[in-house]
Amino acid sequence: MANPDSDEKVVPLGVVFISVGLIVVAIAAAILFIKPAVQQQIAAVRTPRPVVTVVVTPVPSATAVTDEANTEITLPKGFVRLEDAPRSSLAHRPQRIVIPSIDVDAPVTEVGLTAFESGGETFYQWLVPPDYEAGWHNTSAALGEPGNTVLNGHHNIFGEVFGRLVDLEVGSEIVVYDAEAPHNYTVADIEILPERDQPLSVRQENAKWIQATDDERLTLVTCWPHTDNSHRLIVVAYPTNSN
């Protein structure tokens with residue numbers, strides 16, 4: 001028992017118990033509130049971050065140079081740049097196209113092939129008139145001559161000159177004019193070919209439709225469907241009464 005005459009102060013036992021109780025409560029509260037926060041931080045560190053995917057939209061009508069089967073795309077035989085294409089000497093180049101069944105009556109202008117670089121690769125594509133016009137591939141045949149006369153056109157922009165080309169049927173009439181006379185053709189074949197994201201071999205097979213031929217024919221080219229450009233629509237017609 002403490003001496004009443006001593007200088008030491010005596011702390012009441014109740015105060016001691018209260019102090020100890022407060023300390024215990026503080027420690028318990030710290031455990032309750034701090035531990036979940038730490039756990040959340042640990043969980044955040046362990047949670048993998050989302051992967052951001054970049055989607056690259058292919059260029060319509062372009063064919064990429066790839067290493068697939070060691071195949072390289074070269075310029076077509078007889079390639080002529082637009083600025084070098086003969087003009088005054090081609091009296092029979094197409095100048096107007098009329099397709100009565102789908103209400104097409106449009107001028108025809110000549111177009112060339114253009115090359116450009118994208119992502120370290122070389123792309124080639126035929127230019128398409130940015131208007132209500134059809135484009136004559138300037139390496140294809142003139143009218144009335146043996147060979148493949150190729151005309152292209154937009155189907156969902158710039159006037160949609162070939163917007164209803166998909167509605168043609170075998171037997172439909174097409175008239176193409178040069179500077180001297182009309183040339184009548186009858187549709188014989190209609191093809192819808194997958195193009196976008198297809199292997200190089202498929203795209204090369206599709207391109208055969210616009211290559212030179214020994215017979216006289218007219219080939220019309222556009223994209224399909226109207227809300228997309230994932231396919232190629234090919235219409236092949238032959239001179240009427242040619243058989």
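What follows is calculated from the coordinates using simple rules that are stated; it is not laboratory data. It should be emphasised that the depicted structure is a prediction, and the values quoted were computed from it without experimental measurement. All Cβ positions, even for glycine, are placed from backbone atoms using ideal geometry, and neighbour counts span all protein chains on display.
From Cα coordinates alone, what are the radius of gyration and Dmax values for the stretch 195-243 in angstrom?
So, for the stretch 195-243, Rg and Dmax equal 13.1, 40 Å respectively.
Around His92, under 12 Å between beta carbons, what's the net of Lys plus Arg minus Asp minus Glu among the other residues? Numbers along the way, then the final one.
On the way: positive: Arg93; negative: Glu145, Asp178, Glu180, Glu216.
Local net charge: -3.
Compute the FRET efficiency between Asp215 and Ala91 as 1/(1 + (r/R0)^6), taking r as their Cβ-Cβ distance and R0 = 22 Å, and round to the nearest 0.05.
Calculated transfer efficiency: 0.50.
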